[in-house]
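Working notes, structure below.
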Amino acid sequence: MKSVGPGVREIRIREAAGAFRIIYLANMSDSVVVLHAFQKKTQATPQKDIDLAASRLRAWKG
């Protein structure tokens, strides 16, 4: 997800209960940083969810 930051990816899950997204950073060899996980209510990813993941990425990088 370039809109969040470099190296950030997402996992998309669809099931009977709805659509879910997990935004994460996994460019380190020994860890994965989950920036945000949420249930989607609309077709597009809400900007507030993208902004939250980007904010958490900036805070994590320090």
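The values are calculated or read from the model by the stated rules, or taken from the named source; none is laboratory data. Values in this document were obtained by computation on a predicted structure and should not be read as measured data. All Cβ positions, glycine included, derive from the backbone under ideal geometry; neighbour counts span all protein chains shown. When the accessible area is computed, the model is the full protein with side chains, heavy atoms only, and any ligands, DNA or RNA have been set aside. Shrake-Rupley method; radii C 1.70, N 1.55, O 1.52, S 1.80 Å.
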Practice task
Taking residue 3 as the residue in question, decide whether it is open to solvent by 100 Å² or more (accessible area, probe 1.4 Å) and of a type in the set (Gly, Ala, Ser).
Solution key: no
Problem - Boolean, residue 13 is surrounded by 13 or more Cβ atoms within 10 Å (Cβ to Cβ) and in contact with a Lys or Arg (Cβ under 8 Å, 6 or more places away or on another chain) - result: yes
Exercise for the section: Please tell me if residue 4 is of a type in the set (Val, Ile, Thr) and more than 10 Å from the chain's Cα centre (by Cα). Expected result: no
Completion exercise
When every residue in the range 16-44 that is of a type outside the set (A, V, I, L, M) and within 10 Å of the chain's Cα centre (by Cα) is compared, the one most open to solvent (accessible area, probe 1.4 Å) is 24
Fill in the blank from the handout: Inside the range 16-38, the number of residues satisfying the requirement of being closer than 20 Å to residue 2 by Cα and part of a strand (DSSP E or B) is 12
Handout entry: Subset of the range 45-62 (residues that are surrounded by 12 or more Cβ atoms within 10 Å (Cβ to Cβ) and either in contact with a Phe, Trp or Tyr (Cβ under 7 Å, 6 or more places away or on another chain) or not charged (D, E, K, R) (or both))
Key = 45, 46, 49, 50, 52, 53, 54, 55, 57
